[in-house]
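Below is one structure, written out as structure tokens; comments come after it.
The values are calculated or read from the model by the stated rules, or taken from the named source; none is laboratory data. What you see is a predicted model; the values in this text were computed from it and never measured. Positions of Cβ are backbone-derived with ideal geometry, glycine not excepted, and every protein chain shown enters the neighbour counts.
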Amino acid sequence: MKAISFVGNSGSGKTRLIARLIPELKKRGHAVAVIKHCPHGFSMDPRRKDSRRFFEAGADGVALVSSEATAVFKRDGQPADFSSLARSYFEDIDILLVEGGRAKGDFKKIEVLGKDDRYRPKTPSGELIAVVSEHGEEGDRPVFRHSQVKEIAGFLENQPEWSAEHHPRGGTRRKRR
């Protein structure tokens, strides 16, 4: 699997970019998954839903199951481990897109800059593989505009597989048609 983190300030356009990349990558035949880093917590669903009530009542875990999807929410008190999530839940995925997780060294990163952001590298150079910016930043990494979804998708396709030392099966994965 290829695994890339999209990092940047709040409001920089990470979510919008990833939401536009998903259908482009799917159109190209890839199985795609997303991990969203929520360092300040998240809401499972509206307050009046049973699953939210179970979690607020103190359940250590809640699973939502339907014929179309499964979601598991678990209190584990552990720091986010994107590598373990990828191995446990997304082993059949071709491309894993992570929103956030700048401090995590799990995956290579694309830094996304908002329209008012100026490029001041925050990502370690060994982890940074590209920048998305409207200002045509200069540097030794490719720079894409937010609108260049097809080009970014092609760039992601050409990235190496996630390190075999992190991925239990290693090797390359075949595209789904």
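For region 128-161, the candidate set comprises residues that are acidic (Asp, Glu) and in contact (Cβ under 8 Å) with a residue 60 or more places away in the chain; within that set, the residue that is farthest from LEU17 (Cα to Cα) is GLU161. I need the full set of residues from region 47-67 which are closer than 16 Å to TYR89 by Cβ and loosely packed, with under 10 Cβ neighbours inside 10 Å, in order please. If the condition is that a residue be closer than 16 Å to TYR89 by Cβ and loosely packed, with under 10 Cβ neighbours inside 10 Å, then VAL65 is the only one that fits. Restricting region 72-99 to residues that are more than 26 Å from ALA153 (Cα to Cα) and without any contact (Cβ under 8 Å) to a residue 24 or more places away in the chain, which is surrounded by the fewest Cβ atoms within 10 Å (Cβ to Cβ)? This residue is GLY77. Taking the stated definitions as given, is HIS30 of a type outside the set (Phe, Trp, Tyr), modelled with pLDDT of 90 or more, within 26 Å of ARG87 (Cβ to Cβ) and surrounded by 15 or more Cβ atoms within 10 Å (Cβ to Cβ)? Yes; evaluated as a whole, the condition is true for this residue.
Candidates are the residues of region 71-123 that are among the acidic types (Asp, Glu) and at pLDDT below 80; the one that is farthest from VAL32 (Cα to Cα) is ASP76. Within region 75-97, is there a residue that is β-branched (Val, Ile, Thr) and assigned to a loop (DSSP other than H, G, I, E, B)? Yes.
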